[in-house]
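Visitor: Quick one: this structure, given as structure tokens, is what I'll be asking you about.
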Protein chains: 2
Amino acid sequence: MPDEDGHPSPQEMSLQVVLTALADPLRYAVVSELLRQPAGTERTCASFDLPVSKSTTTHHFRVLREAGLVRQVDRGNSRAATLRRADLDSRFPGLLDLIAAES
Amino acid sequence: MPDEDGHPSPQEMSLQVVLTALADPLRYAVVSELLRQPAGTERTCASFDLPVSKSTTTHHFRVLREAGLVRQVDRGNSRAATLRRADLDSRFPGLLDLIAAES
């Protein structure tokens, strides 16, 4: 079962769910941007400055989190997201490389 | 430019468009089924027996064709689809392997 914050383990991740999460252009852009930064980089949702409301931003990050693409942790007043590189590379070898190659 | 039937060349394919095409469960199932068959297998749209109308089936195959996932050719009264394995393997190395590993 996913943990209390909705993070699936690598074994619980589904390729189809991950592809659906990436099919949205804003969510794809978030993953692509995290990929261009050093591994382990923490970013708040607000720092991506997505052209949508705060609640829609929250929704997009929930989809990314529940698919297993990002891990979110509480940092005081906000939540910080990191890309789950190692987990994704082990569960779906080559997927992040494909996205990195496109950006 | 894509050819007159809407088939993009490998260079024209977009990962985001391909991921969006694969995000639909029926389209994902078509690709997954073609992957389980010998390379070059031709299948008519009707042979997949998708639980949707004929026009919706046609729509799904158009999305797959325009993304570059399948090639469709006229075969008398119907169109046959083949998976563009070599093109996809060269443009997005490892993507089809990920899908094959899940099925």
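Visitor: Of all residues in the range B:52-103, count the ones that are more than 14 Å from every other protein chain (Cβ to nearest Cβ), touching a Leu at 6+ places or on another chain (Cβ under 9 Å), within 12 Å of B:VAL30 (Cα to Cα) and buried (at least 17 other Cβ atoms within 10 Å of the Cβ).
Guide: So the answer is 5.
Visitor: Restricting attention to the range A:33-51, and to residues there that are of a type in the set (A, V, I, L, M, F, W, C) and within 30 Å of B:GLU102 (Cα to Cα), which single residue is least open to solvent (accessible area, probe 1.4 Å)?
Guide: A:LEU34
Visitor: A further question follows. Any residue in the range B:1-17 that is within 14 Å of chain A (Cβ to nearest Cβ) and either aromatic (Phe, Trp, Tyr) or touching a Phe, Trp or Tyr at 6+ places or on another chain (Cβ under 7 Å) (or both)?
Guide: Yes, that holds for at least one residue.
Visitor: Could you grab me the full set of residues in the range A:21-51 that are within 14 Å of chain B (Cβ to nearest Cβ) and among the hydrophobic types (A, V, I, L, M, F, W, C)?
Guide: Answer for the range A:21-51, where residues must be within 14 Å of chain B (Cβ to nearest Cβ) and among the hydrophobic types (A, V, I, L, M, F, W, C): A:ALA21, A:LEU22, A:ALA23, A:LEU26, A:ALA29, A:VAL30, A:VAL31, A:LEU35.
Visitor: While we're on this one: Go through (1) exposed (fewer than 13 other Cβ atoms within 10 Å of the Cβ); (2) at pLDDT 95 or above for A:VAL30 and report which single condition fails.
Guide: Only one criterion in (1) exposed (fewer than 13 other Cβ atoms within 10 Å of the Cβ); (2) at pLDDT 95 or above is unmet by A:VAL30, namely (1).
The values are calculated or read from the model by the stated rules, or taken from the named source; none is laboratory data. Just so we're clear, the structure is a prediction, and the values are computed from it rather than from any experiment. Positions of Cβ are generated from backbone atoms using ideal geometry, with glycine treated the same way; all protein chains shown enter the neighbour counts. Note: accessible area is taken over every heavy atom of the protein model, side chains too, but ligands, DNA and RNA are not part of it. Shrake-Rupley method; radii C 1.70, N 1.55, O 1.52, S 1.80 Å.
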